[in-house]
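Notes for the one structure printed next.
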Amino acid sequence: MLKIGDFSKLSRISIRMLRYYDEIGLLVPEYIDEFTGYRYYNEAQLLLANRINCLRNMGFGLSVITEILKIYNDTRALKEYLILKHAELKEQAEKISSQMQILETSIKRLEKEDNIMEYNVILKEIPQRYVASLRNTIPSYDKEGMLWEQMMKEIASLKVQFANPCNFTAIFYDKEYNEHDPDVEIQVSVQGNFQNTKNVVFKTVPSELIAYTTFKGSYDQITAVNQVVANWIRDNGYVFNGAMFNIYHVGPWQTQNPDEFVTEICFPVKKR
């Protein structure tokens, strides 16, 4: 029999943790002196301690380790736990690697440009959503309001309830800047299911990975913002994966002061 101090040294588990393992039933002493309260361990329990250390080093939490130890001698079941943990850690490693790359490129660009953090580019996945959609060509980009007016007129009688968030979105399909007749689709997230109108289509839009940044103020900034996002995409190992779009959180229909506009510039992306 080993005293708790000796068992701690041999197992490389602190006395504090051994007491905690006892409390949760993970590694219970072979014998506890009822008069002194001293804990004593059997030398054979070093094998169990080693298994616990090994599983902890793999990244398993104590609650999961408790479950694994119950099936430890079942090779197939144990392998399934290890495969799942491997996949989880691989995903975490890829995420950390991506975060490291973003940090490194931001640091490098900060060394060249003092104002790089004026627009903060973020990667996120927009979930699937159900939208009212209207796509058409318009005389010029600043005439986008024509589409919104047309949509609102056509869906007014349907008593459509907007989702929360409703995400008023404009998607720009042209592969280059068009001074005349740009191809634009507008979307707004809605709740429920509706029949299409003459020009408005109700549809489910799949989730997508985007690089985006949000800015406040007039749309005169869009070119500069686009450049920042495009540079971020290039520097961080992504490529464009669809038409860019804007989400209008605060727009002309809410305020006439351009300084109060809040716009999200979004580029669908995928890993290079």
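Can we say Ile71 is surrounded by 12 or more Cβ atoms within 10 Å (Cβ to Cβ), touching a Gly at 6+ places or on another chain (Cβ under 7 Å) and farther than 30 Å from Asp235 by Cβ? Walk me through it before giving the result.
On the way: surrounded by 12 or more Cβ atoms within 10 Å (Cβ to Cβ): yes; touching a Gly at 6+ places or on another chain (Cβ under 7 Å): no; farther than 30 Å from Asp235 by Cβ: yes.
When the stated conditions are applied, Ile71 does not pass them.
Within region 118-138, can one find any residue that is among the charged types (D, E, K, R), over 28 Å from the mean Cα position of the chain (by Cα), modelled with pLDDT of 90 or more and under 30 Å from Met152 (Cβ atoms)?
Filtering region 118-138 for residues among the charged types (D, E, K, R) gives 118, 124-125, 129, 135.
With over 28 Å from the mean Cα position of the chain (by Cα) added as a condition, the list becomes 135.
Now drop any that are not modelled with pLDDT of 90 or more, which leaves 135.
Within this subset, residues satisfying the condition of being under 30 Å from Met152 (Cβ atoms) are 135.
Checking region 118-138: at least one residue is among the charged types (D, E, K, R), over 28 Å from the mean Cα position of the chain (by Cα), modelled with pLDDT of 90 or more and under 30 Å from Met152 (Cβ atoms).
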### region 90-117, subset modelled with pLDDT under 75 and of a type in the set (Asp, Glu), residue farthest from Val228 (Cα to Cα)
Glu111
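When you check Phe35 against the structure, is it assigned to a loop (DSSP other than H, G, I, E, B) and free of Cβ contacts under 8 Å to residues at least 12 places away in the same chain, yes or no? Before you say what the answer is, go through the steps one by one.
On the way: assigned to a loop (DSSP other than H, G, I, E, B): yes; free of Cβ contacts under 8 Å to residues at least 12 places away in the same chain: yes.
Spelling it out, Phe35 is indeed assigned to a loop (DSSP other than H, G, I, E, B) and free of Cβ contacts under 8 Å to residues at least 12 places away in the same chain.
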### Task
Would you point out the residue of region 206-232, among those that are more than 15 Å from Met244 (Cβ to Cβ) and at pLDDT 90 or above, that is surrounded by the most Cβ atoms within 10 Å (Cβ to Cβ)?
Ser207
### Message
Being assigned to a strand (DSSP E or B), surrounded by 21 or more Cβ atoms within 10 Å (Cβ to Cβ), touching a residue at least 40 places away in the same chain (Cβ under 8 Å) and touching an Asp or Glu at 6+ places or on another chain (Cβ under 8 Å) is the requirement here; does Ile247 meet it?
### Response
yes
#### Entry: Qualifying residue in region 75-86 (condition: surrounded by fewer than 15 Cβ atoms within 10 Å (Cβ to Cβ), outside any helix (DSSP H, G or I) and either of a type outside the set (Asp, Glu) or in contact with a strand residue (DSSP E or B) (Cβ under 9 Å, 6 or more places away or on another chain) (or both))
no
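The values are calculated or read from the model by the stated rules, or taken from the named source; none is laboratory data. Model, not experiment: these values are computed from the prediction. Every residue, glycine among them, receives a Cβ derived from its backbone with ideal geometry; neighbour counts consider all protein chains shown.
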